[in-house]
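These notes concern the structure reproduced below.
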Amino acid sequence: GIEHIVVSGSLENIKAVTEIVLQNDLGLGILPRKQQVQLGRYLGLSGKGMDPVSLALQNNRETVDVIRCNGHIVLFSAVIGRVLLGQGEDGYSRLSLIRHFFSNLHQIRLLGFTIQLQNRKLIDTAACGCTVVTSHATNRIFRSIADQDSSRDGRFSLMIAAPLSVMGYLGFMYRMLKGKISVNHLPDTFGYIKTDQAAIHSDEALKIKIDGYSLSETPADIRVQPLALRVNRAPEAGTTADTGERVDVGNLPMGSEKAKAMKKKLPFFPYATEERFKDLFIMLRQDSSFSRAYIVLMMLSTMLATVGLFQDSASVIIGAMLLAPLMAPIVSLAMGLLRSDRTLYYRSAKTIAGGVL
């Protein structure tokens with residue numbers, strides 16, 4: 001004859017009772033302890049002045065999604081690998097977050113990840129880790145990038161971290177602490193997925209920390225049980241509509257860029273790759289060639305400089321310098337040296353020599 005269960009205790013105990021509630025289609029009320037900050041956010045108690053006891057005992061229950069990772073219930077987040085914010089625990093102060101960033105800096109390296117979504121789309125990339133979040137309100141990062149987040153839309157959020165440099169790592173830290181991250185303007189080399197099912201594989205076995213506890217390891221199978229749990233929660237401000245699957249992984253290293261990222265430790269500055277700067281390299285190769293336009297501009301600038309010499313006019317000679325297209329092959333030569341691209345280097349050197357002549 002039981003219709004409703006109220007529980008207070010450790011997170012493991014609450015999850016054990018939640019399993020019983022799910023199996024018997026009961027209602028659930030949760031009384032969070034004072035130190036269980038994330039649990040209070042999950043229930044919508046943060047900053048609302050609501051009495052937790054009254055909320056746990058009330059009769060109007062909200063039906064919410066249940067997210068599972070390898071069969072385990074995920075209330076807040078599941079962390080795979082080494083993500084920049086560790087477990088995303090809300091108890092971190094800003095100072096402790098900064099310490100955490102720098103203490104993990106030397107340990108960050110990119111590993112091969114494949115993410116299989118329900119629509120058969122396979123994402124093959126390199127990353128240091130990823131975080132699954134059920135509710136943006138419970139996670140410091142996801143609170144700043146919430147995009148009509150809801151615990152009733154049949155989806156979970158997945159953020160993939162793949163910093164290609166120390167500077168990128170520090171830039172993300174600064175933007176996160178300032179709350180300047182949004183799903184419409186993601187930092188470079190970070191991906192965002194909103195879906196209802198995903199299988200995540202890594203090149204080497206990685207621990208999965210679910211709500212702060214190491215409970216499993218990769219591969220990870222993440223699924224949503226839509227509207228499966230009847231729990232007493234404060235009304236949610238987000239939408240309850242199904243916003244559809246979202247896959248934003250254009251910033252992640254793919255193909256040859258992935259292979260290059262995995263071969264080295266995290267460099268201090270980001271490196272230029274063909275995929276990320278395709279248009280730039282096309283332009284540099286064009287600038288390194290000895291073309292008709294290049295010859296005509298060099299002849300005109302030489303004639304203008306000759307007039308400037310006869311007139312003893314510095315301004316005319318400066319104008320000839322501006323007209324001369326020598327800077328373009330010089331930039332191409334510099335890029336050829338930096339990337340050890342012999343073809344680009346020799347072609348640029350010949351073009352510069354021809355221009356000098």
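Miscellaneous remarks
- Leading residue by the ranking (modelled with the highest pLDDT) among those in segment 174-196 that are of a type in the set (A, V, I, L, M) and within 12 Å of the chain's Cα centre (by Cα): ILE193
- Residue in segment 338-353 that is open to solvent by 70 Å² or more (accessible area, probe 1.4 Å) and of a type in the set (A, V, I, L, M, F, W, C) present: yes
- Filtering segment 190-213 to residues that are small (Gly, Ala, Ser), assigned to a loop (DSSP other than H, G, I, E, B) and touching a residue at least 40 places away in the same chain (Cβ under 8 Å) leaves only GLY212.
- Residue within segment 191-210 that is at positive phi and buried (at least 18 other Cβ atoms within 10 Å of the Cβ) present: no
For every residue, the table says whether it meets (1) at positive phi; (2) in a helix (DSSP H, G or I); (3) touching a Ser or Thr at 6+ places or on another chain (Cβ under 9 Å).
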{"position": "SER289", "(1), (2), (3)": "no, no, yes"}
{"position": "TYR294", "(1), (2), (3)": "no, yes, yes"}
{"position": "MET299", "(1), (2), (3)": "no, yes, no"}
{"position": "THR302", "(1), (2), (3)": "no, yes, no"}
{"position": "LEU309", "(1), (2), (3)": "no, yes, no"}
{"position": "MET321", "(1), (2), (3)": "no, yes, yes"}
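- Criterion violated by ARG94 - all others in (1) at pLDDT 80 or above; (2) open to solvent by 70 Å² or more (accessible area, probe 1.4 Å) satisfied: (1)
- The number of residues in segment 118-129 that are part of a strand (DSSP E or B) and under 18 Å from VAL166 (Cα atoms) comes to 3.
- Scan of segment 280-332 for residues that are surrounded by 13 or more Cβ atoms within 10 Å (Cβ to Cβ) and among the charged types (D, E, K, R), ordered by number: ARG285, ASP287
- With respect to being closer than 15 Å to VAL64 by Cα, charged (D, E, K, R) and either out of contact with any Lys or Arg (no Cβ under 8 Å at 6 or more places or on another chain) or at pLDDT 95 or above (or both), GLU19 fits the description.
The values are calculated or read from the model by the stated rules, or taken from the named source; none is laboratory data. Source: prediction; values computed, not measured. Don't worry about glycine lacking a Cβ; one is built from the backbone with ideal geometry, like all the others, and counts go over all protein chains shown. Each accessible area value is taken on the protein alone, full model and side chains, heavy atoms only, with ligands, DNA and RNA left out. Shrake-Rupley method; radii C 1.70, N 1.55, O 1.52, S 1.80 Å.
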